[in-house]
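Input: a single structure, listed below in structure tokens.
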Amino acid sequence: MLHLVNVRLPLIHDHALFEVKITDGIYTSIVLQNGYMEDDEFEELHADVLGKETALDAQGRVMLPGFVDMHMHLDKAHSLPQVPNLSGTLSEAVENYASSIALFSEEEIRQRIVKTALQALANGTTAIRTHIDFNCLLEEDILFRGLQAAADARDELSPYMEIQLVPLFGSVNTHDDYIMRKVERAAELGIDAIGGCPHLASHPNEDIDALFTLAKKYDLPLDLHIDESDNPNIDTIIYLAEQTIAHKMEGKVVAGHLCSLAGMDEEKVQKILTLMRDAKVGAVTLPAANLYLQGREDRGIIRRGVTRIKELQKSAIPVATASDNVHDPFHPFGKADLLQIGLLTGYVAHMGSPEEQKQLLRMITSIPARLIGKRKYGIEEGNEANFVLLNVQSMPEIWTEIPETRFVYVQKRWVSVKETHQRLADHNLTALWKENQLLIG
């Protein structure tokens, strides 16, 4: 049993302190305290249960649900040294990485995935959805390296975190038996959603139709890259939302990026927002990569490419924010830290009021958890205990300090502690990390 006192839960109450009890990995009691529990009260409380439970005085620290990074590219992470992007454009990133896929061994990809996933875990992320390149025209030996590596890493890290796999199906022809055998093999690896980039296809609507066919065939949701472009005439989101309703898949479709929405006129934007709301299409903004890649051809006032976050929210469309790429040709920066991404989202979306800062927390916790289908998530009695304890004492301090010290608890154990002068980790995770010649922070 784990018993915490003097905990702040800003997603439940702005200022109050709570007493939290966890038994066998489940929240069994979350009680509002009557003020701060002093040391003598704390010691008296646990005098008769010594040895039966672990007691912890959080001393007013903030507790949040484990972060959910629902749009990453773990297979590409930390590949920048091998795959440069001198122009910094999206087109060169796509071209250079596609031409380099055959050069990476499955083991090299797996090690990059493990490194980045554990980096995210140390920063408080306990669930990741990763998109994996899957161009169906490639030979199987090359095609499956990334997906198989991701599946192996998922299984390896399953005692410590959840990793969902979403193949980015490209060049899908549902009438081609050879291609469909590849798709079937991919599905057998245990994928969690159907992915794709229909706006890049020569016939986007046909590509969307094929992706819906796969979603229906395997009874999986859709999580697509949509309209990652500065061009306001790129609007595949319209057909996607229409087909979501036609296929009765409301609430089972997510659109990532939506960059072109930023450059459209207001009348068109409102039409799209209404369609998305009616179709219950979720949205994911990827501010780091989009700020870096978009608007490179502009002169004068430069468009930044980030979607209309506030307008989506005002239309009752759930919006998550996520890391996207880490140190690869699409985005040379980042450290798999969702607090860093949340702060960046606050800057780019002008989200600075107290309620907006709280919404930023939801955009890296409860909203993405719902969008990827997580159940029993959140700090509530009866849910699985999955949280990060931050070394700050208020919600605003989260964003002003971006605290380095983070205590992560998931699957009945503390899995990592990050401090300036102390590095602790669960024994098995430490052994795994050393085995991969990595260092948890």
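The values are calculated or read from the model by the stated rules, or taken from the named source; none is laboratory data. Because the structure is a prediction, the values reported are computed rather than measured. As a convention, Cβ positions derive from the backbone with ideal geometry for all residues, glycine included, and neighbour counts pool all protein chains shown. Each accessible area value is taken on the protein alone, full model and side chains, heavy atoms only, with ligands, DNA and RNA left out. Shrake-Rupley method; radii C 1.70, N 1.55, O 1.52, S 1.80 Å.
Values as computed for the structure displayed
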item: Residue check for Gln119: farther than 19 Å from Val326 by Cα, in contact (Cβ under 8 Å) with a residue 40 or more places away in the chain and either charged (D, E, K, R) or in a helix (DSSP H, G or I) (or both); result: no
item: Meets criteria (under 24 Å from Ala151 (Cα atoms), open to solvent by 30 Å² or more (accessible area, probe 1.4 Å) and free of Cβ contacts under 8 Å to residues at least 24 places away in the same chain) for Glu206; result: no
item: Residue match in the stretch 216-228 (condition: part of a helix (DSSP H, G or I), open to solvent by less than 60 Å² (accessible area, probe 1.4 Å) and either of a type in the set (D, E, K, R) or at pLDDT 95 or above (or both)); result: yes
item: Criterion (open to solvent by 50 Å² or more (accessible area, probe 1.4 Å), within 30 Å of Asn386 (Cα to Cα) and free of Cβ contacts under 8 Å to residues at least 12 places away in the same chain) met by exactly one of Ser99, Ser91, Ser158; result: Ser158
item: Residues located in the stretch 229-240, provided they are under 16 Å from Ala279 (Cα atoms) and surrounded by 20 or more Cβ atoms within 10 Å (Cβ to Cβ); result: Asp235, Thr236, Ile237, Leu240
item: Of the criteria (1) surrounded by fewer than 20 Cβ atoms within 10 Å (Cβ to Cβ); (2) among the hydroxyl-bearing types (Ser, Thr, Tyr); (3) touching a residue at least 12 places away in the same chain (Cβ under 8 Å), which one Ser353 fails; result: (3)
item: Val348 vs. criteria crowded, with 24+ Cβ neighbours inside 10 Å and closer than 29 Å to Ala117 by Cα; result: no
item: Qualifying residue in the stretch 132-150 (condition: at pLDDT 95 or above, among the aromatic types (Phe, Trp, Tyr) and closer than 24 Å to Leu371 by Cα); result: yes
item: Residue in the stretch 157-171 that is nearest to the chain's Cα centre (by Cα), counting only those that are assigned to a strand (DSSP E or B) and of a type in the set (A, V, I, L, M); result: Ile163
item: Test result for Ile364, crowded, with 21+ Cβ neighbours inside 10 Å, part of a loop (DSSP other than H, G, I, E, B) and either touching a Leu at 6+ places or on another chain (Cβ under 9 Å) or in contact (Cβ under 8 Å) with a residue 24 or more places away in the chain (or both); result: yes
item: Options Val7, Val83; residue that is at pLDDT 90 or above, open to solvent by less than 40 Å² (accessible area, probe 1.4 Å), of a type in the set (Val, Ile, Thr) and more than 30 Å from Leu360 (Cα to Cα); result: Val83
